[in-house]
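Here the structure is laid out as structure tokens; the discussion comes afterwards.
Values in this text are rule-based calculations from the coordinates and carry no lab data. Just so we're clear, the structure is a prediction, and the values are computed from it rather than from any experiment. Note that we place each Cβ from the backbone using ideal geometry, even for glycine, and neighbour counts take in every protein chain shown.
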């Protein structure tokens, strides 16, 4: 990809998109491109650290939306409409069960128990290092890859990390694993600013991004 094209992709996906053009279904070939890119990432010790759920069903997206935490306003809490996008990707922690009602830890997944001897050997028998640091590092890589591929096709994107009703998310997805991150992908509703809610006139706040400190040695 040429440098100028990459800069366009970064500009296209740099800010959270909150509203969408849902007039047509998300093209399956584009879904495959994005998913292939998101799963073909570098992996420490060859371990698969996450599952990726691909959501296009509007009922499921609506239930996930109901689980999100948005902004608190005078009129009540506002949910995060980036997960009402035509395509939503959901990253799951392969080694932790879904969190309980008060974010309590509910235990290790069956997959962890099935693979624990190999996992312990490869991660120095450090479960927290495996399920928190390594899982999140690889989800960060995967979601970044997905974001770039989506932008290269011409789509806007919106990450969502703010969600609270983990039991409902488990029920909605039918999978007893911890949701770590969601990403909405699709064409924007060009009649609205990017930070306007998908279904009403609510305008999400914006922040000034802090600069990254560059250290040259």
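Please arrange 117, 137 by how many other C-beta atoms lie within 10 Å of their C-beta, fewest to most. Before the final figure, lay out the partial values.
Numbers: 117 9, 137 13.
Ordered by Cβ neighbours within 10 Å, fewest first: 117, 137.
Kirkwood Rh, segment 35-186, all Cα pairs: how many Å? Don't skip to the answer; put the middle values down first.
Values: mean 1/r = 0.0620 Å⁻¹.
By the Kirkwood definition, the hydrodynamic radius is 16.1 Å.
What FRET efficiency comes out for residue 102 versus residue 41 if R0 is 30 angstrom and r is the Cβ-Cβ distance? Round to the nearest 0.05. Before the final figure, lay out the partial values.
Working: r = 33 Å, r/R0 = 1.10.
For R0 = 30 Å, the calculated efficiency reads 0.35.
Rounded to the nearest 0.05, what FRET efficiency do residue 8 and residue 125 give with R0 = 30 Å and r taken as the Cβ-Cβ distance? Could you check?
On the way: r = 46 Å, r/R0 = 1.52.
Rounded to the nearest 0.05, the efficiency is 0.05.
Please label the shape of segment 23-118 as rounded, prolate or oblate, based on the square roots a ≥ b ≥ c of the eigenvalues of the alpha-carbon gyration tensor (a/c under 1.5 means rounded; beyond that, a/b larger than b/c means prolate, else oblate).
Values: a/c = 2.66, a/b = 1.24, b/c = 2.14.
Here segment 23-118 falls in the oblate category.
By how many degrees, 0 to 90 and rounded to 10, does the Cα axis of helix 28-39 deviate from the longest principal axis of the chain?
Between helix and principal axis, roughly 40 degrees.
Calculate for the chain the 222 nm mean residue ellipticity that helices alone would give, adding -39,500 (n - 2.57) per DSSP H run of length 4 or more and normalising by residue count, nearest 500 deg cm²/dmol. Display every interim value, and only then the final one.
On the way: 6 runs with 72 residues, N = 217.
Using -39500 (n - 2.57) per qualifying helix, the result is -10500 deg cm²/dmol.
Roughly how tilted is helix 110-122, in degrees to the nearest 10 and between 0 and 90, from the longest Cα axis of the chain?
70 degrees
Angle, helix 135-153 long axis vs. longest principal axis of the chain, Cα atoms, 0 to 90°, nearest 10?
Tilt of helix 135-153: around 30 degrees.
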